[in-house]
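Encoded as structure tokens, the structure appears first; notes follow it.
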Amino acid sequence: MVKLVAPLNKELGEQLKEKYAKEVEHYEGDKVDVSKEAKNLEEERDLTVRQANRFDGGEALLEIGLVICSITLLTKRKAFWLSGVLIGVLGAAMAATGFFLH
């Protein structure tokens, strides 16, 4: 646009050139800030994903422990109940570790 206007009206061409040069400087400065913010958001996302994986794994172990404990009602064997409780405790511990991730 500056190349089209400059031969016709030099004053207007210079004004447009200055205007666009200022805009380029402004956007160059913003690019660094936006990049830093994007990296911070990516790190936050990664932490949230790791926490969610721990919580999901803990929930799965708790449910497995519950099912194994339920088998005790059918078989009347104490070993199923003990193993179900152990797996449930492991699930709760795994879910709790999600709070300690950095």
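Remarks
- Matching residues in the range 70-91 - criterion: being within 36 Å of the chain's Cα centre (by Cα) and open to solvent by less than 100 Å² (accessible area, probe 1.4 Å): 83, 84, 85, 87, 88, 89, 90, 91
- Residues that are open to solvent by 100 Å² or more (accessible area, probe 1.4 Å), modelled with pLDDT of 80 or more and under 30 Å from residue 95 (Cα atoms) are absent from the range 11-18.
- Annotation note: Cβ proximity below 7 Å between a residue of the range 86-98 that is polar (S, T, N, Q) and a residue that is in a helix (DSSP H, G or I) and open to solvent by 50 Å² or more (accessible area, probe 1.4 Å) (sequence gap 6+ or interchain) occurs for 97/54.
The values are calculated or read from the model by the stated rules, or taken from the named source; none is laboratory data. The structure presented is a predicted model; accordingly, all values stated were derived computationally and were not measured. No Cβ is skipped: glycine too gets one built from the backbone with ideal geometry, and neighbour counts run over all protein chains shown. In case anyone asks, the SASA skips ligands and DNA or RNA and just uses the protein heavy atoms, side chains included. Shrake-Rupley method; radii C 1.70, N 1.55, O 1.52, S 1.80 Å.
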